[in-house]
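The values are calculated or read from the model by the stated rules, or taken from the named source; none is laboratory data. Remember, it's a predicted structure, so these values are computed and weren't measured experimentally. Glycine gets a Cβ as well: all are built from the backbone with ideal geometry, and neighbour counts include every protein chain shown. Note: areas computed on protein heavy atoms with side chains; ligands, DNA, RNA excluded. Shrake-Rupley method; radii C 1.70, N 1.55, O 1.52, S 1.80 Å.
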Amino acid sequence: MEGASSARIREGDCAVLKRDEVFKAVSVLRRRKIIFEKQWFYLDNAIGHIYGTTFEVTSGGNLQPKQEVEETTTETKEAGTDNRNIVDDGKSQKLTHDDIKALKDKGIKGQEIVQQLIENSTTFRDKTEFAQDKYIKKKKKKYEAVITIVKPSTRILSTMYYAREPGKIIHLRYDTLAQMLTLGNIHAGNKMIVMETCAGLVLGAVMERMGGYGSIIQMYPGGGPVRAATSCFGFPKPFFDNLHEFPLSKVQSLLSGTFTTETLPADPEENALLEEESNGLSEEKQTSLQETEEEPATEAPMEISTTEEQDTMDVNAEDVEFKGNKEKENVREKQIKHLIVASKFHPTPLLLSLLEFVAPSRPFVVYCQYKEPLLECYTKLRERGGVINVKLSETWLRNYQILPDRSHPKLTMSGGGGYLLSGITVVLEKSKSDSSNSEALKMEEPSSKRCKLQDLPC
């Protein structure tokens, strides 16, 4: 079975360039000049090679697969016992900048330049063995024009965005994103609602985890959805067949029953799609096929029962339009949907609105860069009820250097990766008792626990 690591680089692919811990997403095109880490080159010669191959940049910007050269240890390595007598006065290197430039102009490879720097250093032999390895690593990084082409993934792209442009993903760290996918129980066949302003990174992570199976509705603010990071994943076209979008500005009108498609974008395909979503907020064609076959062939006038488990409750928009203003009941579809929110907007109104489209016993996850908005959201959820297992958490991450006799935490680490509010939806029972009783019950304990207690036999 051909794994992702054995896939070959093809023209038109989305790939990620890697040099040490620096990443850059590019499109693989012929005769297109790429500038990465102060090096320019073309990707023509990389086409056909396996992802994960390391290349050297040769003269003319051409890429050549790097030959793995075994380090010869013919002579014993001389090393000092400590570095106390080494003075960094800038005079220990005999080669000048002009000499190094001349070596580069002659076409000498970076590995040979590093070797000459070692031979012309007056203090190299006095350094400790660890200091010598650090010196060589530093010079290789500077003079060896080496890049690795890797296949895009959630881990790589989230690391890239967090290091290069954290503001575009509202400082969503890669370990926090992994927690979101886990808490949201993202897997193939899901029906998702995704509201994010992370340049499409969260959307791409959900699509990758689902593997093209299931359906996703992307809620977007403004004039249209942003999917810059999603395009970097290089998903095949079938992945986008079940990806739909819906404007965030129309959610309240959809909840109130006044939604119309007249003010939606003028694109015919998009209008048809959004109209389909408005019928029941996404009546998926492919993934719900088995579910519709299991449902009864004839349906009585719709009455929503809290005791009967239903995978979907479909209401046709045509019937709703005919009814007009005769009924005030909500005409929305509650399918097996999971909810993920990672937005720069305040989470409370977003979550309270979007939870109306999530069926009971479904997980939801909300990300925010700051703790205080999620605290307010947590309080509102407890007052509203209809949720259980509500948790507010923060992930903590520290990278370690793992080397022989020198494994230790790295000196620099991330200050914070944001906060997550997660939970599970339950049936929101609307009490018919008087307001005084309901207020008293609210004071005694959360409504989510009340629902459980009321169902228990006396």
Go through (1) surrounded by 14 or more Cβ atoms within 10 Å (Cβ to Cβ); (2) touching a Phe, Trp or Tyr at 6+ places or on another chain (Cβ under 8 Å); (3) at pLDDT below 95 one by one and return the number of the condition E283 breaks. (2)
Looking at the range 142-151 only, could you name the residues that are part of a helix (DSSP H, G or I) and surrounded by fewer than 18 Cβ atoms within 10 Å (Cβ to Cβ)? K142
I'd like to know if the range 214-232 contains one or more residues that are β-branched (V, I, T), out of contact with any helix residue (DSSP H, G or I) (no Cβ under 8 Å at 6 or more places or on another chain) and either touching a residue at least 60 places away in the same chain (Cβ under 8 Å) or open to solvent by 10 Å² or more (accessible area, probe 1.4 Å) (or both). yes
Some residue of the range 342-363 being surrounded by fewer than 13 Cβ atoms within 10 Å (Cβ to Cβ), modelled with pLDDT of 90 or more and assigned to a helix (DSSP H, G or I): no
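Every residue, every condition in (1) buried (at least 18 other Cβ atoms within 10 Å of the Cβ); (2) over 10 Å from the mean Cα position of the chain (by Cα); (3) in contact (Cβ under 8 Å) with a residue 24 or more places away in the chain, yes or no:
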{"position": "K140", "(1), (2), (3)": "no, yes, yes"}
{"position": "S153", "(1), (2), (3)": "no, no, yes"}
{"position": "L157", "(1), (2), (3)": "yes, no, yes"}
{"position": "L181", "(1), (2), (3)": "yes, no, yes"}
{"position": "N190", "(1), (2), (3)": "yes, yes, yes"}
{"position": "M195", "(1), (2), (3)": "yes, yes, yes"}
Looking only at the range 121-154, which residues are acidic (D, E) and touching a helix residue (DSSP H, G or I) at 6+ places or on another chain (Cβ under 6 Å)? E144
Qualifying positions in the range 120-134 - closer than 22 Å to R19 by Cβ and in contact (Cβ under 8 Å) with a residue 12 or more places away in the chain: none
Taking the range 119-138 and keeping only residues that are surrounded by fewer than 18 Cβ atoms within 10 Å (Cβ to Cβ) and over 29 Å from I35 (Cα atoms), one is left with E119, N120, T122, R125, T128, E129, F130, A131
Count, please, the residues in the range 77-107 that happen to be among the β-branched types (V, I, T) and at pLDDT 75 or above. 2
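Here's the yes/no breakdown for (1) in a strand (DSSP E or B); (2) of a type outside the set (D, E); (3) closer than 20 Å to F357 by Cα:
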position: V202; (1), (2), (3): no, yes, yes
position: E208; (1), (2), (3): no, no, no
position: G212; (1), (2), (3): no, yes, no
position: Q218; (1), (2), (3): yes, yes, yes
position: G222; (1), (2), (3): no, yes, no
position: G234; (1), (2), (3): no, yes, no
Name the single residue, out of those in the range 392-416 being more than 30 Å from R382 (Cα to Cα) and outside any loop (DSSP other than H, G, I, E, B), that is most open to solvent (accessible area, probe 1.4 Å). Y400
Failed condition for A178, given (1) at pLDDT below 95; (2) among the aliphatic types (A, V, I, L, M); (3) closer than 13 Å to L420 by Cα, with all others met? (1)
Determine whether L63 is surrounded by 15 or more Cβ atoms within 10 Å (Cβ to Cβ), at pLDDT 70 or above and farther than 30 Å from C14 by Cβ. no
